[in-house]
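Engineer: Following this message is one structure expressed as structure tokens.
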Amino acid sequence: MIHSLLISGKAGGGTGHAHIVTGPEWRVGWSLLPESGMVAKVREQGSTVVFACARLGARETLDRECGGADFTDDADRVFAAWDRWGEAAPAHLYGNWCLWVRWQDGRVWMARDANPNLGWFFRELPDGIAVASHLPSLLKLEGLPAPDVDEAILCELMIRVRAQDNRRTFWKGIGAIPVGASLTRTASGTKIRRWWFPEKTPVRADLSRQEHEQRFREVLAQCVEDALPAQGPLAITLSGGLDSGSVAAIAGPQARRRGQALHAYTLVPARQTGSVERPIVNEWDYAAATATQVGTASHRAVSAAVSIVDALARSVRDIGLPEANSNYHWLESMARLASEDGASTLLQGQFGNVTLSWPGLGYFWSALAHGDWRQAASAVCGRAGWRRFVRRQLGHIARPVLAFLRPRRPNPWLESRVALLAPDQRARFEAGLLPVRREEAERDFLPQDANRMRLSVLTGRVGRVWTPIGRAYGVSVLDPTGDRRMVELCYSVPDWVFWNGGKQKGLVRQGMRGRLPDKVLDCPSKAVQGADLCARLMEERGAIQSCIDRFRAVPLVREWIDLEAMQGVLDRLVPDADQWLWAEAQNTLCRGLVFGFFLEYAQQLRDAKRDDRQCDPS
């Protein structure tokens, strides 16, 4: 979408991209993918400067609210929203956008969209602030030293599943603007505030199940249509599940009506393996059934197109953060195929797990808590039958009790993360001397507040990993399942709608009935992607060994990473791994590579800063 955007408080710095200088004290520069549909403009209004960059959705509604004006493009729509509502404008904007305002006194305000398709970052300057969608642009600002690693957040994310504060990055002095938030910079400092609160969306209990399903189909159709390119083919990452399948089921007919081809890509293990204890390790049959019913122009299998080691190394350079995981190589493979097929847009359904295929919380208790006796009785006496209901509720009660009574067994997913810490750091962790405590980390792998987890995913870091991949191949990566309209709709759906006939994910199962194959809609199993990870890592053993050997010479890597633990996992790799080795392959070896590449990069910046100080005659 946006290749790079930098807005800073002082002229003079550079990011290697073109800039438009419109005043001595500030500058705005951007470089957009021509195919992205994004429009960027700067407007000077007296002593106030306003910048807008947008590819909006729900344009008709915004045009009507703005008095039916005839706008040239989406940037003008954002300007009109600012003129009409000021700092309340974000609530009226849908799609992908940012709005930046600078007043004569130097005060800066910026708001970003509530869509997860792009990351936004900022860096404090001595006399202003720099904001960028491309974090590496902020690491090398002219006249400023490279920032140091924030060891507190490094420690937290080496061990925990997700950060507790989405405003922090791995770099001191560089923060992130979360999804649905705004930034205000004044003489007293910088503040980040949320303007979007999806969890406060009113629940529409007045509608029937059929009306909720109809609303769901209409909103999904709007979100997908707004994501389609103006012309040319488009592509989609198609699994065998409900999320990307639903996007494909809507995008296929829409693309045909517009004369556009839809290309689908499905991850298929390069080697059939039983390395993961899951029912489905190859989704091709399910994805093929969806592709056939939807009518894609092509459906291609993705396996070993990109090296895991090379992809993880590129991710650190492109993202500027160690946020890629063990599936990054096949995400990049799909972006490459989309570019080869001439597609300018790559659709996905990554956020569907917390929106359209949300499993529900167990609507008997939800209905009981809200005093809805009719729905509570329906949960017991519905088509699922009271026996299944009783078994399910007893299971909800028994699981935490049994977990408490059962002898404590090590969790492979947590222990394989802790094993990545260098011995000194691991000893400090076990002694409670690091910012992250063991009891906090253990809670990440226990049943949690589902709504809290849902919100942290929606406003978290997931979406910003995709943008650099698309940027590298000239493709805009968009996720209709994470669109603000879809999120708000799903929050407005009562919990009992997400249950249907005793089955979870009732909204999408019934809402897409007839549009997706029954074998996909009724499949009770959950697939695992990249089941051939251990076999792939064995094929790249030589490259991984070279990386480990190289890391031994980097002080910052040795300080934080147990290279001997990585070596041990590499030596024990077998294609058909058990759960422990599978967890170690992901969390100790792959994440060790990502953090190793990141710390190596940070060491290079630190050494360059030290060399500059030594050469400074002052």
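The values are calculated or read from the model by the stated rules, or taken from the named source; none is laboratory data. Values in this document were obtained by computation on a predicted structure and should not be read as measured data. Methodologically, a virtual Cβ is constructed for each residue, glycine included, from the backbone with ideal geometry; neighbour enumeration extends over all protein chains shown. The accessibility values were calculated without ligands, DNA or RNA, using every heavy atom of the protein model including side chains. Shrake-Rupley method; radii C 1.70, N 1.55, O 1.52, S 1.80 Å.
Engineer: Might you tell me the accessible area per residue for the stretch 168-217, computed with a 1.4 Å probe and given in Å²?
Structural biologist: 49 Å²
Engineer: Listed highest first by mean packing, meaning other Cβ atoms within 10 Å per residue, what order do 323-333, 64-74, 470-480 come in?
Structural biologist: Result, highest mean Cβ count within 10 Å first: 470-480, 323-333, 64-74.
Engineer: As a test of reading the structure, rank Glu539, Glu415, Glu213 by solvent-accessible area (1.4 Å probe, protein chains only), most first.
Structural biologist: Working: Glu539 130, Glu415 50, Glu213 20 Å².
Accessible-area ranking of Glu539, Glu415, Glu213, largest first: Glu539, Glu415, Glu213.
Engineer: I would also like to ask the following. If the reach is capped at under 18 angstrom between alpha carbons, list the aspartates and glutamates near Lys519, excluding any in the same chain fewer than eight residues apart.
Structural biologist: Filter leaves Asp243, Glu283, Asp285.
Engineer: Could you sort 92-104, 562-574 so that the peptide with the highest average Cβ count within 10 Å comes first and the rest follow in order?
Structural biologist: Ranked from most to least packed, the peptides come out as 92-104, 562-574.
Engineer: Here is a follow-up. What does the accessible area of Arg59 come to, in Å² to the nearest 10, when a probe of 1.4 Å is used?
Structural biologist: 70 Å²
Engineer: Output the peptides 133-140, 187-194, 203-210, 161-168 sorted from most to least packed, where packing is the average of other Cβ atoms within 10 Å over each peptide's residues.
Structural biologist: 133-140, 161-168, 203-210, 187-194
Engineer: Per the 1.4 Å probe, what fraction of the accessible area of the stretch 101-257, in percent, lies on carbon and sulfur atoms?
Structural biologist: The C+S portion of the solvent-accessible surface of the stretch 101-257 is 47 percent.
Engineer: Now for a separate question. Tell me the per residue accessible area of the stretch 49-104 using a 1.4 Å probe; a whole number in Å² is fine.
Structural biologist: Here the per-residue accessible area is 38 Å².
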